[in-house]
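In what follows, a single structure is set out as structure tokens and then discussed.
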Amino acid sequence: MTIKVGDKIPSVTLRVMSDEGPKELSTEELFGGKKVVVFALPGAFTPTCSAKHLPGYVQQADAITGKGVDTIACISVNDAFVMHAWGNDQNVGGKVKMVADGSGDFARAVGLELDVAARGMGMRSQRYSMVVEDGVVSSLNVEAAGKFEVSDADTVLGQV
């Protein structure tokens, strides 16, 4: 079942890169008591994700956080090493928290997994964005397959 506005974010363990290597990050730590903009995408270093999705959030980060958002998080079904390398490649500079959902546990838990095994990519995440306030979804924008129209930074900027 797909998560919807008004639902609480499920309890899942994600990972982020730290100075000591990959570090666990619970959804309670990420979302609890905060206003968080999350955008998820099928994969790091993929064309639309690298050319449009992540760069848009980096460019709009100051405007988004200026509206009271505590964290902007990018979640992908990649490991923490890949997410860290992609963040460096994209010059994220701490504006966006690069969050690894390496086994797709978060994508499955929110009902937004994407089967692209036929294209050699296995199970991934659908492309979407959401605003989460103290662990509860206040807006959700899920893209139609192959589209990039509603999960962009400009759309979210109008929702925070």
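The values are calculated or read from the model by the stated rules, or taken from the named source; none is laboratory data. Quick caveat: nothing in here was measured; it's all calculated off a predicted structure. Note that each Cβ is placed from the backbone with ideal geometry, even for glycine, and that neighbours are counted across all protein chains shown.
Against the condition surrounded by fewer than 20 Cβ atoms within 10 Å (Cβ to Cβ), modelled with pLDDT under 95 and not aromatic (Phe, Trp, Tyr), how does residue 82 come out, does it pass?
So residue 82 fails the test.
Please find, among 61, 107, 44, 73, the residue that is part of a loop (DSSP other than H, G, I, E, B), surrounded by 19 or more Cβ atoms within 10 Å (Cβ to Cβ), touching a residue at least 24 places away in the same chain (Cβ under 8 Å) and not β-branched (Val, Ile, Thr).
Every option except 44 fails the conditions.
If I ask for residues that are farther than 12 Å from residue 99 by Cα and not in a helix (DSSP H, G or I), which ones from region 22-41 would you list?
32, 33, 34, 35, 36, 37
Kindly provide the set of residues from region 1-32 that are buried (at least 18 other Cβ atoms within 10 Å of the Cβ) and among the charged types (D, E, K, R), ordered by number.
15
Within region 115-152, work out how many residues are surrounded by fewer than 20 Cβ atoms within 10 Å (Cβ to Cβ), touching a residue at least 40 places away in the same chain (Cβ under 8 Å), not charged (D, E, K, R) and not in a loop (DSSP other than H, G, I, E, B).
6
Can you name every residue in region 126-142 that is touching a Leu at 6+ places or on another chain (Cβ under 9 Å) and either charged (D, E, K, R) or modelled with pLDDT under 95 (or both)?
The answer is 126, 127.
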